[in-house]
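A short reminder: the numbers here are calculations on the coordinates, not readings from a lab. None of the values given here were measured: they were computed from a predicted structure. So basically every Cβ, Gly included, is an ideal-geometry build from the backbone, and we count neighbours across all protein chains shown.
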Amino acid sequence: MEKILIITGGSKGLGLGLAKEYHENGYRICSISRSKNEKLYFMEQYQCDLSKTETIENVIKEIFSHLDKNNTQQITLINNAGDLGTVNTIENLRPSEINYTIQVNLTAPLVLSSQFVKLTKEWNCKKQIFNISSGAAVNPYESWVMYCASKAGLDMMTKVVSKEQKELPNGVGIVSIYPGVVDTNMQEKVRSTPKEHFKAVQRFIDFHEQGDLSSPEQVAKKIYHLDISGELKNGRILDVRNV
Ligand SMILES: NC(=O)c1ccc[n+]([C@@H]2O[C@H](COP(=O)([O-])OP(=O)(O)OC[C@H]3O[C@@H](n4cnc5c(N)ncnc54)[C@H](OP(=O)(O)O)[C@@H]3O)[C@@H](O)[C@H]2O)c1
């Protein structure tokens, strides 16, 4: 029987760390991202730009057409792909930039989760969705309005869907996870923002200089451990630094 992980953004950063960790623990990995890396032979890679909402349904259906519900022990969707978006105060954001960031960070997880719940309805195995959220969902950072708002929306999705699913006989368990400050391209982008566009930039430069960033591998191990130890109970919103 297979254990399956469908993950967005498995091509790099935290997503790659998670894909490797779950693969090492016997999972079949299906990743969705814009780029494809031939060296990542261990994962089935599906190319899709998650800002193009109309293509998402097709890609998840394509993945499911290769899966067998009678041969699956458990299936997990990790909504990991995310984009910081343009870092600037609200009056300096273009409508297209707002649209892009909300589509990648919030609309895509909603569409994928909707399809995941629908397509696994008759599956008897264990079913889970992990939303990779952020402390930015609850801490308002000036110039990160799109990022903060989209992560807050992701957490609300977790709360609503967990209520919908909890009454069902074999519902999907859904959680939000704050991964902490992770050493990825996203953090490089944060540190390189000019101070006039992002007041808190020095705080992130200091984290880096003081060696306070976790590696994607460390965070992935933590999340996997929380998963197998039963900590990721339906409806939880948790910060990996506090557990
Ligand atoms: N790094 C941190 O300190 C930190 C802290 C809190 C939360 N998070 C969250 O953790 C998650 C992973 O972030 P990260 O730091 O690993 O970022 P990253 O290094 O920038 O990686 C982002 C991943 O998302 C994919 N992606 C981005 N835009 C996409 C699009 N339009 N369509 C499809 N895939 C797309 C990228 O793949 P392609 O480029 O191949 O498309 C890549 O695999 C995000 O949700 C982020 O908000 C990160």
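Close amide H pairs (under 5 Å, H built 1.01 Å from N) link SER31 with ILE7, GLU44, GLN45, TYR46, residues at least 5 positions away or on another chain. To the nearest ten degrees, helix 13-24 and the longest principal axis of the Cα atoms of the chain are 30 degrees apart. Between 0 and 90 degrees, the angle of helix 145-166 with respect to the longest Cα principal axis of the chain falls at about 20 degrees. With +1 on each Lys and Arg Cβ and -1 on each Asp and Glu Cβ, how big is the dipole of the range 141-199 about its Cα centre, in debye rounded to the nearest 20? My answer is approximately 80 debye. Going by neighbour counts of Cβ atoms within 10 Å, the residues LEU226, LEU16 line up, fewest first, as LEU226, LEU16. Taking each residue as 0.36 nm, the span from LYS166 to ASN25 lengthens on full extension beyond its C-alpha to C-alpha distance by 48.0 nm. Annotation: the residues MET157, MET146, sorted from fewest to most other C-beta atoms within 10 Å of their own C-beta, follow the order MET157, MET146.
Considering only alpha-carbon pairs that sit under 8 angstrom and 6 or more positions apart, the relative contact order computed for the range 1-72 is 28 percent. Restricting to DSSP loop positions (anything but H, G, I, E, B) with no more than 15 other Cβ atoms inside 10 Å of their own Cβ, which trypsin sites (Lys or Arg not before Pro) remain in the range 209-239? Passing sites in the range 209-239 are LYS233.
Rounded if a/c is under 1.5, else prolate if a/b is larger than b/c, else oblate: which is the range 130-243, with a ≥ b ≥ c the root eigenvalues of its Cα gyration tensor? Write out the running numbers ahead of the final one.
Numbers: a/c = 3.41, a/b = 1.66, b/c = 2.06.
Judged from the Cα gyration tensor, the range 130-243 comes out oblate (a/c at least 1.5, b/c at or above a/b).
Between helix 216-228 and the chain there is an angle of about 40 degrees, using the helix long axis and the longest principal axis of the Cα atoms. Would you give the gap between the C-alpha center of the range 14-69 and the C-alpha center of the range 92-126, rounded to a whole Å? Result: 15 Å between the Cα centres.
Note on the range 1-127: dipole from Cβ charges, positive end direction compared against GLY13, MET1, VAL111; the farthest Cα belongs to MET1.
How high is the relative contact order of the chain, in percent, with contacts defined as C-alpha pairs under 8 Å that are six or more residues apart? Intermediate results must be reported in sequence, preceding the final value.
Values: 427 pairs, mean separation 49.9, N = 243.
Dividing the mean separation by the residue count of the chain yields 21 percent.
Annotation note: GluC sites (Glu not before Pro) in the range 170-243 located in DSSP loop regions with a Cβ neighbour count of at most 12 within 10 Å are GLU196. By the count of neighbouring beta-carbon atoms within 10 Å, fewest first, GLU91, GLU142 end up ordered GLU91, GLU142.
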